[in-house]
1. How would Ile553, Ile460, Ile512 line up from fewest to most surrounding beta-carbon atoms within 10 angstrom?
2. Rounded to the nearest 10 degrees, what's the angle between the helix 558-568 long axis and the longest principal axis of the chain, both from Cα atoms, 0 to 90?
3. Angle between the Cα long axis of helix 132-145 and the longest principal axis of the chain, 0 to 90 degrees, nearest 10?
4. What FRET efficiency comes out for the pair Phe42/Ala288, r = Cβ-Cβ distance, R0 = 25 Å, nearest 0.05?
5. Specify, per residue and in Å³, the volume enclosed by the convex hull of the alpha carbon atoms belonging to segment 319-463.
6. Roughly what angle does helix 70-84 make with the longest principal axis of the chain, taking Cα atoms, 0 to 90 degrees, to the nearest 10?
7. If we restrict to alpha carbons, what Rg and Dmax does the chain come to, in Å?
8. Quick one: compute the contact order of segment 3-89, relative version, from alpha carbon pairs under 8 angstrom and 6+ residues apart, as a percent.
Amino acid sequence: MERERLDALPAKPGVYIFKDDEGKVIYVGKAANLRSRVRSYFGLFTGLPTRTQKLVSRTKDLEFLITGSEQEAMILECNLIKKHLPQFNVHLKDNKSFPYLRIDLDEEWPRVEITRRVRKDGARYFGPYASAGSIRRTLRLIKRVFPYRNCNKRIEGNERRPCLNYYIHRCLGPCAGAVEKHEYDQMIKQVVLFLQGRQEMILPELNVRMKEASQQLRFEKAAQLRDQIKAIEEVIEGQRIALALQGDQDIVGLAYDEKQAYAEVFFVRDDKLIGREHFVIEGILDEAPEQIMTGFVKQYYSAASRIPPLILLQHPVDETAMLSRWLSGQRGSKVRLRVPLRGAKKKLVDTAAENAARGFQMARAKQMRAEAAGSGLKDLKDMLALPGLPLRIECYDVSNIQGNWATGSMVVLEKGLPRPAHYRRFRIKTAACADDYAMLRETLRRRFGRGLKGGGSWAIIPDVVLIDGGRGQLNAAVEVMGELGLDSVPVISLAKGQEEVYVPDRAHPLRIAADSPALHILQRARDEAHRFAVTYHRKLRARGATASAVNGIAGIGPRRKKALLDRFGSVEGIRRASLEELSETKGISPALARRLSEYLGS
């Protein structure tokens, strides 16, 4: 970098931006004194850390932005890192779109919604959550406890019939005028307290309301409140921690290698561990743990909707005093950053760090599986002379006992990994005896016949069809694909025992090395299809056994048989059940329960 440009930098706080020869932002930093900080990079090259040497060697241009203070520079630095994701900066993976829960208390009938943008609109925000999966788990929990509405219809209170959620006690039914406004608002306030971790504040009010409903002989309402109280108590019990902590605090643990890090955050509110989230941190490049922790704290708490007064860290951060002042400004009251060295707080930090290490290990294992899958797909492409990588593999298997309860299964691997949402099961209808070939033909005709008509995942044509079996099963499958005009789709089969791969128009099967990633992908698909078929087959067989065992009992039809099977799993389970348990089953009266018990000899 030219000396004249470095000398011209202002001795003021601000942000500096390094760019490579293509004009791409590769690093963003903040400084209390721009001139001193930037010049330190371009002094004695050999004295710099290896990572910094790489950064300087790639820097061909720089820009800077002056700010009013070092705190303002830090906020701008966070925003620019989120925007550009520079290669040499530590940054949260996908941190620009973390989801939040939003409750607009100014709405007439408030809802709990997912959003990815926090606005200054007066609504209450909770988060950020690490992923859509974690926020949906939270939503399922609070929906089980609090029957708020989740529709977006205009509420006028004059609907003739509320939706199903009302009848299964998942909504209070404001659309049909089934709840007063003040009662609904009361429930929404409880949702807010629940998300804040203040569950104990909800219980006294619910207990009072339950007793009032009981005294007024509103027993169904009292039962609903009783179940709500029980659900909240279960949540509280699950959140209790053994360590004697007081107040609100976050605990941050780290696990990392030379390229990536994994942060685990525990949220403690009112002596309870109310939740935990994990975050992937990229752009490590041999950073020290102190720099990784500093980058995480800056970026996570710049987006957090709530900051506690105490944050316990596994590693110290750079510029602790300045970061504390910034966090205090964000919170509106004092925030302390501490690295505990002993006692209960140290134990909790150690627990967060252990969870981070295990989570990181699992994430790395998943990444390694994905890399191995990619290698295996390439090998499969070469072995089968495919035009492209077999990104979608569908595997088929059938299961029966002498032709009874025959089932077919379809499992899907995408990029070498299971895609359970696309799995399908088929109850065999046309094959009259134990004919594996006929059952396989029916399964394929139904699957691809439906696919040719279009619609959802059925319409997706796989890159490879894999059959569990040998030459006979392969020929049956090829016949069906030809009938349907899909003979361009590669079909192969994998035979158990020698693990041989049969290919059409090839006299001898392929023998793949036992340690080949390509064979592992085929084995995974084959084993998963077999497991899926056998599981469904056993379920049908159990239902059939239950149906035949209770056929002689008057008053037990298909619905009650299904209810008994869903609850007790088998005839033996029904036989072991008490009269009270039987009568609690949907559709089973005490008299019918007694008759059933006597019939089965329980």
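Read-outs throughout are calculated quantities, based only on the coordinates presented, and are distinct from any laboratory measurement. Computed from a predicted structure; not experimentally measured. When we count neighbours, we look across all protein chains shown, and the Cβ atoms used for this are built from the backbone with ideal geometry, even at glycine.
1. Working: Ile553 16, Ile460 13, Ile512 20.
So the residues, fewest neighbours to most, are Ile460, Ile553, Ile512.
2. Helix 558-568 sits roughly 50 degrees off the main axis of the chain.
3. Orientation of helix 132-145: about 60 degrees from the principal axis.
4. Values: r = 22 Å, r/R0 = 0.87.
The formula returns an efficiency of 0.70 here.
5. Values: hull volume 38.6 nm³, N = 145.
Enclosed volume per residue, from the Cα hull, is 266 Å³.
6. Helix 70-84 sits at roughly 40 degrees to that axis.
7. For the chain, the Cα radius of gyration and maximum Cα-Cα distance read 31.1, 99 Å.
8. Numbers: 141 pairs, mean separation 34.5, N = 87.
After rounding, I find 40 percent.
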